[in-house]
Each structure stands twice: as structure tokens, then as C-alpha cells.
Amino acid sequence: MKPTISRLVQRVVLPVVAIGAGMTAAYALAQQMVGPKTTPPSAKEVEQRKSKGGYYPERMKNPNLSGHAYKMTVTPPNEIPLDRIKLPKGFKVEIWAHGMPGVRMMARGTKGTVWAGTRAIGRVYEIKDKGGVREHRILAQKLNQPNGVAFQGGNLYVAAINRVFRYDGIEDNPSVKPVEMTAAFKLPPDVHHNWKFMAFGPDSKLYIQVGSPCNICEPSPEHGQIRRYVADGSNMEVVARGVRNSVGFDFHPKTGELWFTDNGRDWQAENSPEDELNRVSKMGQFFGFPYCHANGIPDMDIKKKDPCKGVTLPVALMGPHAAALGMRFYSGSMFPKEYQDTVFVARRGSWNRSQLFGYDVANVRATPQGKNAKVIPFMTGFKDDKENKFWGRPADVMQMPDGSLLVADEQNGAIYRVTYQK
Amino acid sequence: MPRSESARRGANLRRAFLFVSFALAAATAAAQSKGDPAKGEAKAKACAACHGEAGRAPLPMTPWLNGQLEEVTVLQLVLIREGLREVPQMAGMLDKLTDPDFFDIGAYYARQAPPKASGPGDAKRRERGAALAKSMGCNSCHMGDYSGQKQVPRIANQREDYLAATLKAYRDNKRTGPDTSMNGAMYKVPDADIEALAHFLAHHNQ
């Protein structure tokens, strides 16, 4: 939706920049030269523009389902209603870090530093544990949705829409200047559904998704996929195709296979299609977008014969409009045995649905081959079903070395820590 | 559309409407508690040079802030402070301001009377703009009277030059909000249509 080559370059030419008499005169001239039409557009004209994607007719189907406001300001910890969070017996939650508006995807360094990306506020946060108290600083800012963070070999990788940066040896040298890797990765400039998720695989390669830049469309050959690169940005390979908008993946602790979440399309129905949890068992596997959604639901707009033929169906359905985002397998020793090798999935919560859905962390239990999956809500209480309101939006989860689980709440700019004691 | 689906959609719409009403009521209450307009008035002194006394900007291409929603003003101040929306005239001015300062400033402007249309405008251009606004679903987010909601600005009777320039900036991807909704909404909309829209919105209460 928003082709961005460089936000900086674009911003330099912002019309707001050019306030003043000169611009006003130029604007008046342009207005005179173009000359507004004096007749309203005909129904045919409107249809033509819609078919060219020139308008946004989808929002008109239900004007009241147009998304929730972003919270871009600091939430003091005393305004976070921690007592509303519900967990299974024996689990406890605390506020681990706070004061970081828009906090989303997390990565951890070998020396214990945690980094978190954001979208709208353009920042990357760095969090350090200072003797039981966490302190944070803004590591990077003014980036275009720097959602992706990953760590390997002492280096932090940060991905914005189409830019990639590497901070070499950052845990030893906090003021290190980032190396820009953008040219090597050649990511497309599209913004919509292209805020990146990034993780290193057991093969030491860097996995990055390139989403489909639309709600529903035939994506170009460079969109709608998960890729992997050698860490320097070379040797790109497509790992999974037919992906709509994946903002979370991890590797199975036993098989090393890539599993990923994918957000289902909007504006098809209240309860369908559901979000997916997928497993990649072969390189380049096709996961159905845009023809076949969830567990075999044909698309209502983009039709083809046998839409689900050749499509790898999901391990689990994650719920309608749930926004299943960050996910991690659990391999720690703190939680009870039944959580071993299961998946924790942050469900940021719906906007394209009358009754709120998601707003929790779910636990998915399945065999290593992805059979007999069960989705069990794990960390809930972020929404009130009766009032149909929410106060928190889990966007990512991350296991700590002691086996506790960090949960990033984008709405409150806080990271929670979930622990277990018998 | 089968009747049952139509009925269900109607019920959903009503439910959604109720939800939005509640959400708005809650948002209003929250907005009232967030900022202190008296403190905001003092903090907004520096803004007055360009945005005018009580937010009624005398300068071309400078938005009127009077009557703007508190959440809108706060969001835009955050975007400008963070360098995500570039306004050179404001460069550095917000660096030392905190989120609570923004709430106070937002609360101050939200309590000023919203702008009125400067005149009747051109009937034919208004008509075309009204038809466009309807076909593009501007009311989906900006509300039926274009008074805005939550982070979505009041655009009724905003300056015509500023409205047109802003819509073009969204179309040309020179500006984004916290998401890309407006870039999607303005995708490939021709200049003439944008100017008709701006004319209609700037002469709304006539």
C-alpha cells in the first residue's frame, strides 16, 4: 500500500515542509491548471476506480470495524491492571519492564540483553537487567516499522520495512554504529504486511518473511513468502510460499523444522477464515494464499478451480481475526512437563470482528509432525467479553534461560514475565 | 445476499455501533482525565506563533487546532517528536516535551470551539466532493459529520489548502499515520478529486 524507497527521502519532500507563500502560489496554480471536475463521479467511474484498487471499498462494508487506535504514549506501571491477567494454577505474572510504547518482537543476546522492535513509533528498545531492576534505552529510532530483531554470533540484526541493520558486538560495545545491510537483502519497499519478523534457524541462516502487501490479492513472485539468507544477506532461498502475513515463527526443538503463524484475510466473514499455525516440512512448500485459507476455505474474491489443490493445510487453526503473531516453542525446565515442545502464541486480538477475539497467549500442543493439535488459551484476561473491550495486546513471547516466559504487550508498552512454581 | 445473512450483518452492525458508542464514551472520559487544559494553555504559548491564539492558525497551509480531538493532537505531537512526521518549522521544538505535556496541550485545543466554514464555497464542487467522500467511505473513520473519533482527526471545516496538501501527501506516500489506512484510502486518487474533497470538507457546515 505504501511503496517506500526511503522514508527519509520522502519526508524531505513532504508538502507540509513547503509551507509558505511560494508553495501556496504553486498550489493555487496547480489547482487552476488541473481544474476540479464539476460533476460527481458516476457509479461506473467509482466501479472502475475500485477495480484499479483506487478506493478502499472494504471499509464501507462495516464502517465500525476499522481497527483500533495505537497507543503511542507511556503507560505508567500503576495503570496496568496486572490482577486481571489469568493463568493456569501455579503460574504467576509480574511486570518485567515498562515505559516502552509499542513494544513488540523480542530477541535476547547471549549476555542477557533483550531488544524489542516496534511498528508505528519507529523505535528499537534495549533492555538490561540491572540487579533485579530492568532499565531500557532507545537503541534506534525514526525507522519505518522496525519490527524484526534477531541475535547471532554477538551481533544484533534489526529489520525495518525494507532496511536491515547489524549491530556488531553490541553487548560489549553499546555505542557501536550499525552496519546497513539493506542492499544485500533486497527486500521490496511495500509497507502493508511487510513489517518484518526475523529469526535465526538451527542452520544459522536468517529467516525473514515478505508478506502479501494487501488484504487479498495475487502477490508478486517476491511477496507472500518466508525466505532465508546467509547472515550477510547472500544466497536467498524461498522457504515457504502462499503466505499472507506471517509475524511469528520458530523452529521445533526436536525436528528443527520451521513453524509459523499466518494471519487470515479480513472482510470475508466474522468467523472465517481463521488464522493459521503452519509447519514447513519441505523447502518451498505452498500454504494457499490467496486461493485457499485456513483448513481449506476458498477465497471469496480470487477464485480458481481446485483452490486447495497442492496446498499444505495448517497444523492448527488459531481463531478468526485473532492476529496470531509472535510464537516460540517451549523447551525450558521451569514449566510443567506437558508444556515441553509445545508452542506459545501471542494473539494480539481482532479488529475486523464485532466481538473481540484473541487478546491472549495461547498454548498449542501437537506431535512433532503437527498432528492432533489442540489450542488452549494460556494467558488471558486482557479483554472483557461482556463489555467487548480490551486493555492489553500480547504481540510476542520469548523463553528466558531460566524457563520463564516473557510476553510483550504492545498496548501498554510493557513486558511481562510468567513464572511457574509447584 | 440471503436474508439471514443480511439480518445477521444488520445485527452485527448494530452491535458494532453500540460498541463504538461505548468506546467513544470511554475514550471521551479517558481523554478528560488525561490532560489539564489550563497547563496546556501555558505550554501551547509557543504554538501560537504559527497556529494562532486558541489554535486558529492565521498562516496558509497551517492546520487549525481549535476543537481538534485530544487524542489526535497527542498522536501527531508524538509522531513529530519521534521524527516520523517531519515538520521543519517544528524541528527540535518538541524534543524536551513529555507525553504528559502532549496530553495537556491536546486537552487545551480540544476545549476550543471547532472551526466554522469561511463561506458557502462553490455548490458544484461541494456536491462533487460530497459524492466522493461518500463513495470513498471517509465517514467510516472520520464519522458522518467529519468530527473524527479517537486518533482520527476532525476534518470538518479544516483549512482547504492544508486538507488538499495532506491528502496528496498521503496519496504520494510522503506521510503516514500510525498505520497506512490513509495511504490505502488515497491510493491513485487524482488531484481534481482531492481538491473537490478538500473544498467539500472545508465548507462543511453550510
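The values are calculated or read from the model by the stated rules, or taken from the named source; none is laboratory data. Here the structure is a predicted model, which means the values were calculated and not measured. For neighbour counting, all protein chains shown are included, and Cβ atoms are generated from backbone atoms with ideal geometry for every residue, glycine included.
One line per residue, one yes/no per condition, for (1) assigned to a loop (DSSP other than H, G, I, E, B); (2) more than 20 Å from the chain's Cα centre (by Cα):
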position	(1), (2)
A:246	yes, no
A:255	yes, yes
A:266	yes, no
A:322	yes, no
A:327	no, no
Within the stretch B:84-177, helices (runs of 4 or more DSSP H) holding 2 or more residues that are more than 26 Å from residue B:49 (Cα to Cα), assigned by TED's automatic domain parsing to the domain that holds residue B:195 and not acidic (Asp, Glu): B:123-136, B:139-142, B:160-171
Residue match in the stretch A:245-253 (condition: hydrophobic (A, V, I, L, M, F, W, C), more than 15 Å from residue A:159 (Cα to Cα) and in contact with an Asp or Glu (Cβ under 8 Å, 6 or more places away or on another chain)): yes
Residue match in the stretch B:100-111 (condition: closer than 15 Å to residue B:153 by Cα, buried (at least 23 other Cβ atoms within 10 Å of the Cβ) and within 11 Å of chain A (Cβ to nearest Cβ)): yes
Whichever residue in the stretch A:58-87 is over 22 Å from the mean Cα position of the chain (by Cα) and facing chain B (nearest Cβ under 7 Å) and, among such residues, is modelled with the lowest pLDDT: A:60
Conditions (1) out of contact with any Leu (no Cβ under 8 Å at 6 or more places or on another chain); (2) part of a strand (DSSP E or B): number failed by residue A:402: (2)
Residue satisfying condition, being modelled with pLDDT of 95 or more, over 29 Å from residue A:69 (Cα atoms) and among the β-branched types (Val, Ile, Thr), within set A:118, A:113: A:113
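Inside the stretch A:111-132, can you point out the residues that are part of a loop (DSSP other than H, G, I, E, B), within 14 Å of another protein chain (Cβ to nearest Cβ) and touching a strand residue (DSSP E or B) at 6+ places or on another chain (Cβ under 6 Å)?
Scanning the stretch A:111-132 gives a single hit, A:123.
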Candidates A:340, A:411, filtered to the one that is out of contact with any Leu (no Cβ under 9 Å at 6 or more places or on another chain) and within 14 Å of another protein chain (Cβ to nearest Cβ): A:411
Qualifying residues in the stretch B:183-202 (those that are part of a loop (DSSP other than H, G, I, E, B) and more than 7 Å from chain A (Cβ to nearest Cβ)) - the one surrounded by the most Cβ atoms within 10 Å (Cβ to Cβ): B:186
Residues within the stretch B:85-99 that are without any contact (Cβ under 8 Å) to a residue 24 or more places away in the chain and surrounded by 16 or more Cβ atoms within 10 Å (Cβ to Cβ), tallied: 4
Some residue of the stretch A:217-228 being modelled with pLDDT of 95 or more, in contact with a Leu (Cβ under 8 Å, 6 or more places away or on another chain) and surrounded by 20 or more Cβ atoms within 10 Å (Cβ to Cβ): yes
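For residue A:419, are the conditions met, namely being touching an Asp or Glu at 6+ places or on another chain (Cβ under 6 Å) and at pLDDT 95 or above?
Taking the combined requirement at face value, the residue does not satisfy it.
Does the stretch A:375-395 contain any residue that is assigned to a strand (DSSP E or B) and among the acidic types (Asp, Glu)?
Within the stretch A:375-395, one or more residues are assigned to a strand (DSSP E or B) and among the acidic types (Asp, Glu).
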